[in-house]
Amino acid sequence: MNRQDEYSDLNASFRFSVLEFNALFTSLLEHFEIWAPQRYAARGRFSDADSIGYGPIHSPNEIVFDEKSHFSSKEAVFPVSETMFDLLGDEFVQAEDAQRDILVFARPCDINGIERLDDIFLRNGSVPDPYYQRRRERIRFVLMECAASFENCFCVSMSANRTDNYIAAIRWNSEHVLMRIRDKTLLSLVPDNASPAEFIPEFVEEDREPIGLPNGEKLEAAIRDGSLFEHDMWEEYTARCIACGRCNTHCPTCSCFSMLDIAPEPESGFGRRRRVWAGCHIDGFTNMAGGHAFRKDNGSRMRFKTMHKIHDFNARFGRHMCVGCGRCDDHCPEYIRFAHCIGKVTRLLESGDHE
Ligand code: SF4
Ligand code: SF4
């Protein structure tokens, strides 16, 4: 009996020594491009600070298991800068995409974050975004077990602490690796002499600092009558926010982008269209032809983001956009806490002070 028949439910768990896992990882690299959180030395927010972000890796030693990554896994499916097409004279040439499947090591909040991006890019209009879709179809997840909250996390409050969307789950320590496998290709790579184990990934069950979400009906009513939008609570953010956009770039669910064009050169006829991340906090984001701009003050940008994350998206897709990863709070240079902003809205609606 081969291993796939033996584990026909495709829910097999194994215990690997670190050396055995390294060997399995080498086999995985033959089938997948592998993305995981990794450390970029001296590329953090201070001159001597590291940054932990996502990119392709070639060894398990590169994976940062024990810290929350600064940037999310969304870069695997929605690059910071992406060429869409080139112009060559009268010819239009769509940018090619790689063909290999991508295995992304991610925590539950980040897998849930990519599912929110799926809503935006694949289900928000009559036609899915083809650039996102072709990359998304190649992506599979390895769940990094995340059984305890990091600082500023509130994924439980946002119902984004659990996921079933993975082909393998992993629990890592310095001695051994536990792995649950639910995919035929992965299972076929496991050596016959691998040690079976009992492993079901655990999930965070409690936030360190739970937040209370606003009552949906009260929120809807306060939006409709304008009382929340006009409330002076947003002025604090006009005073404090410096529109740096870090909260947007660190967020796993912010999906806005701008088009950047290289205009066709007169002689060669070569031109290029790219899209690059943009953010609702950044100056110029709402500029329109003719010079008009919506949301000029930073408080109204904070209000827009807040409503998008905990109201508008939910009204359209039936789940909140924010997954409670806390990265916006981790990285705001002005120590603005988005979690506290949600709490303020909740308390305002409960107290009726907005009326
Ligand atoms: S809004 Fe903040 S907490 Fe929510 S998903 Fe984005 S970065 Fe994470
Ligand atoms: S990270 Fe903070 S200061 Fe920067 S745009 Fe976001 S809320 Fe404003």
### Message
Here is a check on your reading of the model: is Thr249 of a type in the set (Val, Ile, Thr), under 29 Å from Asp97 (Cβ atoms), buried (at least 18 other Cβ atoms within 10 Å of the Cβ) and within 16 Å of ligand 1 (Cβ to nearest atom)?
### Response
yes
### Message
Just checking, does region 294-316 include any residue being under 16 Å from the mean Cα position of the chain (by Cα) and not in a helix (DSSP H, G or I)?
### Response
no
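Matching residues to (1) of a type in the set (Lys, Arg); (2) in contact with a strand residue (DSSP E or B) (Cβ under 7 Å, 6 or more places away or on another chain); (3) more than 30 Å from Phe25 (Cα to Cα):
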{"site": "Asn193", "(1), (2), (3)": "no, no, no"}
{"site": "Pro201", "(1), (2), (3)": "no, yes, no"}
{"site": "Pro210", "(1), (2), (3)": "no, no, yes"}
{"site": "Lys218", "(1), (2), (3)": "yes, no, yes"}
{"site": "Glu230", "(1), (2), (3)": "no, no, yes"}
{"site": "Ala243", "(1), (2), (3)": "no, no, yes"}
### Query
Tyr7 is checked against (1) surrounded by 16 or more Cβ atoms within 10 Å (Cβ to Cβ); (2) modelled with pLDDT under 95; (3) under 24 Å from Arg100 (Cα atoms) and fails just one. What number does that condition carry?
(3)
### Task
Please indicate, with yes or no, whether at least one residue in region 208-231 is in contact with a Leu (Cβ under 7 Å, 6 or more places away or on another chain) and within 16 Å of ligand 1 (Cβ to nearest atom).
yes
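Can you confirm whether Ile282 is among the β-branched types (Val, Ile, Thr), within 12 Å of ligand 1 (Cβ to nearest atom) and either surrounded by 13 or more Cβ atoms within 10 Å (Cβ to Cβ) or not in a loop (DSSP other than H, G, I, E, B) (or both)?
The answer is no for Ile282.
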### Query
If you check Leu103 against the conditions, is it surrounded by 13 or more Cβ atoms within 10 Å (Cβ to Cβ), farther than 19 Å from Leu186 by Cβ, assigned by TED's automatic domain parsing to the domain that holds Ile167 and in contact with a Lys or Arg (Cβ under 8 Å, 6 or more places away or on another chain)?
no
### Message
Report every pair of residues separated by at least 6 positions or lying on different chains whose Cβ atoms are under 7 Å apart, first residue within region 98-113 and away from ligand 2 (no atom under 16 Å from the Cβ), second of a type in the set (S, T, N, Q) and not in a loop (DSSP other than H, G, I, E, B).
### Response
Val104/Ser73; Ala106/Ser73; Asp110/Ser73
### Inter-residue pairs, beta-carbon under 6 Å, first in the same structural domain as Ser72 (by TED's automatic domain parsing) and within 11 Å of ligand 2 (Cβ to nearest atom) and in region 320-343, second among the β-branched types (Val, Ile, Thr) and at pLDDT 95 or above, 6+ apart
none
### Query
Going by the conditions given, is Ser188 assigned to a helix (DSSP H, G or I), touching a Lys or Arg at 6+ places or on another chain (Cβ under 8 Å), touching a residue at least 40 places away in the same chain (Cβ under 8 Å) and not assigned by TED's automatic domain parsing to the domain that holds His340?
yes
### Message
Quick check on region 106-131: of everything there that is in contact with a helix residue (DSSP H, G or I) (Cβ under 8 Å, 6 or more places away or on another chain) and over 30 Å from Ser149 (Cα atoms), which residue is surrounded by the fewest Cβ atoms within 10 Å (Cβ to Cβ)?
### Response
Arg123
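Looking at Glu267, Glu230 in this structure, which one is assigned to a loop (DSSP other than H, G, I, E, B), in the same structural domain as Tyr335 (by TED's automatic domain parsing) and under 30 Å from Ala95 (Cβ atoms)? Full working, then the answer.
Numbers: Glu230 fails: under 30 Å from Ala95 (Cβ atoms).
None of the others qualify; the one that does is Glu267.
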### Residues that are crowded, with 16+ Cβ neighbours inside 10 Å and assigned to a helix (DSSP H, G or I), drawn from region 321-343
Arg327, Cys328, Asp329, Asp330, His331, Phe338, Ala339, Cys341, Ile342, Gly343
### Single residue of His320, His331, His354, His308 found to be touching a Leu at 6+ places or on another chain (Cβ under 9 Å) and within 10 Å of ligand 1 (Cβ to nearest atom)
His320
### Query
Based on what the data block shows, is Arg316 at pLDDT 95 or above, within 12 Å of ligand 2 (Cβ to nearest atom), charged (D, E, K, R) and under 28 Å from Ala160 (Cα atoms)?
no
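The values are calculated or read from the model by the stated rules, or taken from the named source; none is laboratory data. From a predicted model like this one, the values you see are computed outputs, not experimental measurements. So basically every Cβ, Gly included, is an ideal-geometry build from the backbone, and we count neighbours across all protein chains shown.
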